[in-house]
Structure formats: structure tokens, C-alpha cells
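Remarks on the structure that follows.
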Amino acid sequence: MTRPSAPVAPVAAKRLTVRLWALAEVRWAAGATVLFAVGGLAQLLGLPAPVWWTFHLAAYAAGGWEPALAGLKALRERTLDVDLLMIVAAIGAAAIGQVFDGALLIVIFVTSGALEAFATARTADSVRALLDLAPERAARLDADGSETEVDTADLHVDDLIGIRPGERIGADAIVVDGASDVDQATITGEPLPVAKKPGDEVFAGTLNSTGTLVARVHREPAESVIARIVVLVEQASATKAKTQLFIEKVEQRYSIGVVAATLALFAIPLAFGADLQSTLLRAMTFMIVASPCAVVLATMPPLLSAIAVAGRNGVLVKSAVVMEQLADTSVVAFDKTGTLTEGAPRIAEIHLAAGQQVADERRLLRLAAAAERPSEHPIAVAVLASAHDHGVDVDAGQHFSSAPGRGVRAVVDGHVVEVGSPALLGHASAGPASGQVRAVVEAAQAAGRTAVVVVVDRVPAGVLALADRIRPAAAGTVADLTALTGATPVLLTGDNRGAAVRLAGEAGIREVHAGLLPADKVDRVRALQAAGRRVLLVGDGVNDAPALAAADLGVAMGSPGSDLALQSADAVLVRDDLTALPAVIGLSVRARRLVVANLVIAATFITALVAWDLFGHLPLPLGVAGHEGSTVIVGLNGLRLLSGRSWRRAQGEQAA
């Protein structure tokens, strides 16, 4: 009987070991630990002092050279940090014959640094692994029809690539020939392969199934969805939370205070005739136990771990500051199309304005699709899809322009065609057609549909009535966010009130603001902020970008999200999974609790050990073990969030 699951644990352990050993900090910490252990064993066996001194001093060198270098660099910049304090304390311990204690201090100190390096590496690994999904080579189709195998990094916009069955796609591209199903779960989270035909977009790193495709590259490799994800997370790892910045600011003054107090503890007793060695020993012990190592390490490991776990589960948090602030969210505001809905509306009805130059539905669709063709908006996708379904050939219009919140404008077959919201009727010529179109718009909106007006040469030509579907997880997400923040989310949309109210009712949202232009969304966000709320806005389109930037925190939908929205947002739901939003807020709350717990642990150890040294007799080995032990405890406590259980627990808590 076979048991295929048996090898999983050993393989995972081996991968973890390999990853750990790849970190220089871990290798130096391991080397210092081995040297210290050998020296301690030699000392225990009663070997000559030069033998175990040699091993302990070697441990000093292996574990202390990097902190010493960092401390000296900081000193040249006229700052004092804990690295230099620990090195000075270790040297002082050796100077009075306590080389074992100094080596122990170095070993535990460098081990705590290795823990932080591991947390940082896991954060980057969690998302950099996405790059491994993209193939290194792709088949480029040359002008003469031949194929050339090239590095995917050498592909450029407008290159044609051939994609065979079973191959991973090498670039973000638009299908121009062939049909197939593509598994894009790694990017969008969709559980089933998605049918692809000419005009559809495919993503780098996704897996082609049975058909053969020819696609035209439309993003440079460095600008692909996967590449942008990696850049965002690497930038997040380089940032520091506000709590950490505050701690580092205080650390400078605190470290100077520790040095001053140490000198006073050494000089004052000596002035009154105290013994040199015992006085120096107490002063060194004080410097060690009063140093803020654990305090400095209290903040970043939990937040970096939370960023890593969120990244593995499809949420890219752009900075430690954002991860820290997610816990402060007091109200969530949602965009409608592409956020609470699937963002793929379909044209349900086509209404012509009687007596105009557009005589049939195919002609109206052709004009509208030609004007919308360069646009990224979901409405443009719906119009183009409907034109394709009706067998209408679409040529791109000329002189394209877009006004967020209003619509698009282009010249098609010599006619000025405008496609957009009913606000276009305010600039159209008055006449019978205008009144008829207004009536159609009102009827469509009353039915909860989105009315798109087509105006040709300033004369209303027809109305396209679009319908969209609410995301299956929308109602559950709204309920979870209400439980987390204590406030029901708000809906901010540029769509008509009828469609907005209908959707809000299905999602469980009571406060609805409809018919908003981008500037109006910003005003609504600021009004919520003026009421003392910390606003998290979730959106996807160009028209959401100003509000995403104005909100305390902005979250963009990854798959349908425009480039501008992705850049303006503080976090990205890569898989468009709304249930991940309350989960990441819950994860932020857990990370903050760990930060507070770490600060309490660090402060408690420092206070107790300092009091023991000042008012009693604290042995140096015990002081080293207590101080550095607290640092390791704080580091390991922060890494607890790296476990997969932390995400499941965050989901469980918000579901409960």
C-alpha cells in the first residue's frame, strides 16, 4: 500500500534548510554557534585556557564582524545603535576575563539578526516565486512565418509569440489567432481554465491547455502583471512601519543614555574606592541588559511575516506601514463595477433612437465598439464582446480621448462618436431623439441596469443597456467587514442610483452614493474622514485612482485593475478574492497584537534585569542569557505569523 503524502514533510524540511543556508546571516550565526559550542566543550573538559579562548575569540570574529562594521558606519554618521553597544559589551567582558559570556552574547545577538533576515527573505520569497511560473524562453514568430526561440526578457511590445498546448505563456499578450483554454489561477485565482479567443488577454506565467494560440505581446516583460507584483512586494519589504521608525528615533537617545549610565556606574564607585574588576563587571552587565535589542526587534518581524503570509494568499501589501495601518480601518468604501461585481457586464438590450442615421443595431454596435476599442474600461470590454458576438467587424476609431466618469470620444467613418454615461445627453442636440433616449435611460436604470448612451455628431443615436453580476463572495465579505470594523461598508459608484441600490441590497450595504464622478468620490472619502473615520477604499478603474490616493488606505482589484489604480493603491487583491480583504485586516490586527506583546516582553525583561543589576548582584552570564534570550523570544514570536495557520485563523476569526 502506497502513502504518497509521506515524503511531504521531509521535502519541506529540506527546502527550508536550503533556504536558511542561503542566507549569509544564518551561515555566520551557525559558524559562531559551532565555534562557541566547541570552545565551551573545551572549557568544560578542562583543556588549557589558550585552546578555549581561541575558539571563543573565533566566535567573536564570526558573529561580531558584521555588527561591528555596521556600528562603526553608524558612528561615522554620528549615530549610536545597539550593534556597537553589544560589540563594546562583548569586548569589555573579554577584557575582564569573561570571554565565555562575551561569546555567548555575540552568538545570541547574531542569531536574533538571522531570525530577522529570515523573516525578510520569506516575505520576498512568497511572491518572487511567481516569477518562476513565467518561462525563460518563448517562441517568437518572425515576419516570414518562422519561429525563433528567444529569452522572454528579449520580447517587446507587438512581437508575435506562438503558444503550444501545455506551455506556459511567456508574456502578457492579446490573442490574435487560435482558441484554447488557459489556466490562470496563479494570477486571477479562477478555479477553472478560461476560454481564450482572438481579442482576449493572456498573462505571463499562466498555463495553456489543449489549443494552439498566436498572441501579440502588449506589455514589456518588466511591466507584466507578475513582474509588477514582485516589484511591489520587494518595495514593501524595504519600508518600515511608523512604530519601527519611532523606536529607531528613540533608540538613538536611549543608546546614548545607556552609555552615559554605564560610564557613571563605572566611574562613581571607583571614585569611592570600589574594586576595579567587580565595578567593571557590573557596568558591563548593565550595558548588556539595558540595551534595547529586543525592543528594536519587536516590530518588523511580525509585520514582515504578515506581509509574507498575505502575499502567499493573493494580497500584496505594499509596505509595512500599510500592514500596520490596516488594523485601524474603521469603515470600508467599495466601488461597484469590477469590485463588488464581476466587472464583466454584458449588453442585455440595444435601443435605437428612431429616425437617425444609425438604422440598425449592428451599425450602432460597430460605431460604439470602434470608439471604445482603445479603452480598458469594463464597459468597453462589454461593447467589444457584444460586437464580436454579433459578427461585427470593428476598426479602431481615430483621435481617441477618454474622460473618466463620462465616457470616450473618437472619430469613426468621419463621424464624431461619443459613448458613455447619460451625462453626455447634456451636451447633445435637443430634439425628439433626445427625449426618447432619456426615457429609455430612465427605464433601464429603473430596472437596475447600466445605461450607456451613444451620441453621433452630437445627436443621440441609441442606448446600450448593460447588466453585471455581483461577486458570489460580496455579501459575505460585507458582513465580515461590518463585524471587524463595527461599521457597514459604503458604496461609492459612478453608476446610476437604480443599479447601485439594487446591488447594494444584494450585498447588504445600506449607505449608497451613486452617479459620482472621480472628484465626487474624493469628496465622499474626505467627508467620511472629516467624520473621524479611517477609510479603506476598494476600487479597480482609472476613475477610482484619485479616491484610492485620497483614502487612508486604498486596495485595488488585481486582475481588472487599471495600471493607474494599481499604482495609487496601497494593497492589491491579486486574485480578485474579496474574502481576502477581511482576512488581511484580521491578519494586521494579529500582527499589531504581536508587536504590543513583543514590546511588553522586551520592556519587562529590560526592567527586571536592570533592577536586579542595580539593586542586587546579577551574574554576567545570567544577564547575557536573560537579555539575549528575550531578543530571541521576541524574534520567534514575530515569526509565528509565517505559519499557514495564521491566514486560516484570520479567515476563521472574521468568518466567526
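Worth a mention:
- Approximate spin-label separation Val194-Ser146, in nm, with each point projected 7 Å along Cα-to-Cβ: 3.5
- Theoretical FRET efficiency, 1/(1+(r/R0)^6), r = Cβ-Cβ of Leu23 and Asp457, R0 60 Å, to 0.05: 0.35
- Residues Asp144, Asp540, Asp183, sorted by accessible area with the largest first, give Asp144, Asp183, Asp540 [1.4 Å probe; ligands and nucleic acids excluded].
- Label separation (Glu511 vs Ala423): 2.3 nm, computed from points 7 Å beyond Cα along the C-beta direction.
- Under a model in which nothing but the beta-carbon of Lys, Arg (+1) and Asp, Glu (-1) is charged, segment 584-656 shows a dipole of about 520 debye around its Cα centre.
- Given a 1.4 Å probe and the protein chains as shown, Asp101 ends up with an accessible area of around 10 Å².
- Magnitude of the charge dipole, segment 401-527, Cβ model with Lys/Arg +1 and Asp/Glu -1, debye to 20: 140
- Protein heavy-atom surface of segment 395-446, 1.4 angstrom probe: 54% of the accessible area is carbon and sulfur, with nucleic acids and ligands not counted.
- Per-residue HN-Hα couplings for segment 39-50 [Karplus 6.51, -1.76, 1.60; θ = phi - 60°; Hz; x = Gly/Pro]: x, x, 5, 4, 5, 5, 7, x, 5, x, 3, x
- Each peptide among 50-61, 545-556, 254-265 gets the average number of other Cβ atoms lying within 10 Å of its residues, and from highest to lowest they stand as 545-556, 50-61, 254-265.
- Of Arg471, Arg524, the residue with the largest accessible area leads and the full order is Arg524, Arg471 (1.4 Å probe).
- The heavy atoms of Asp181 present about 70 square angstrom of accessible area, all protein chains included, probe 1.4 Å.
- Of the trypsin sites (Lys or Arg not before Pro) in segment 52-122, the ones in a loop by DSSP (not H, G, I, E or B) with at most 11 other beta carbons within 10 Å are Arg78.
- With all protein chains modelled, accessible area of Leu69 [1.4 Å, Å²]: 80
The values are calculated or read from the model by the stated rules, or taken from the named source; none is laboratory data. A quick note: this is a predicted structure, and the numbers were derived from the prediction, not measured. Don't worry about glycine lacking a Cβ; one is built from the backbone with ideal geometry, like all the others, and counts go over all protein chains shown. Surface accessibility is based on the protein's heavy atoms, side chains included, excluding ligands, DNA and RNA. Shrake-Rupley method; radii C 1.70, N 1.55, O 1.52, S 1.80 Å.
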